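The values are calculated or read from the model by the stated rules, or taken from the named source; none is laboratory data. This is a predicted model, so every value here is computed, not measured. For neighbour counting, all protein chains shown are included, and Cβ atoms are generated from backbone atoms with ideal geometry for every residue, glycine included. For accessibility, only protein heavy atoms count, side chains too; no ligands or nucleic acids. Shrake-Rupley method; radii C 1.70, N 1.55, O 1.52, S 1.80 Å.
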Amino acid sequence: MFKKVSESKGKTITIYFEGQPLEVEEGMTVAAAVLGPSHGWTRTSHGGQKRGPYCQMGVCHECLMTIDGVPNQQACLTAVVEGMQVFRQNGVPDFHKENSHE
C-alpha cells in the first residue's frame, strides 16, 4: 500500500522529531519516518483534534508539518534529510503566511 519516494540506499540518517533524535532510513518520507514516534498524529485541527497522514500521496493535506522551520509542508511528499528538524503543526494552516516570503 505505501511506497517510498526513492529506493533505499541502505543508509541510516538522523532527523529530529519534536527535538528528539530519530534514526531513519534514507529515502523514506517524513510522514513514514515519524509515524511510530508521533503516535499517528502530526498536526491538530482548528478545534484541537489530532490529525495524521491519511492518503500518503499529497491529496488530503492531513500530514502538514513544520519542517526545518517552514510550516505547512506535506510530510508525505518530503524525503528525510540528515539533520532535518520536524515538528507537529498545531491549528489551522496559514497558507497566506507560507506564501508571504515569495
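Quick rundown of the values:
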quantity	calculated
Neighbourhood net charge (13 Å Cβ-Cβ; Lys/Arg +1, Asp/Glu -1) for T42	+2
Residue order for T14, T42 - accessible surface, 1.4 angstrom probe, largest first	T14, T42
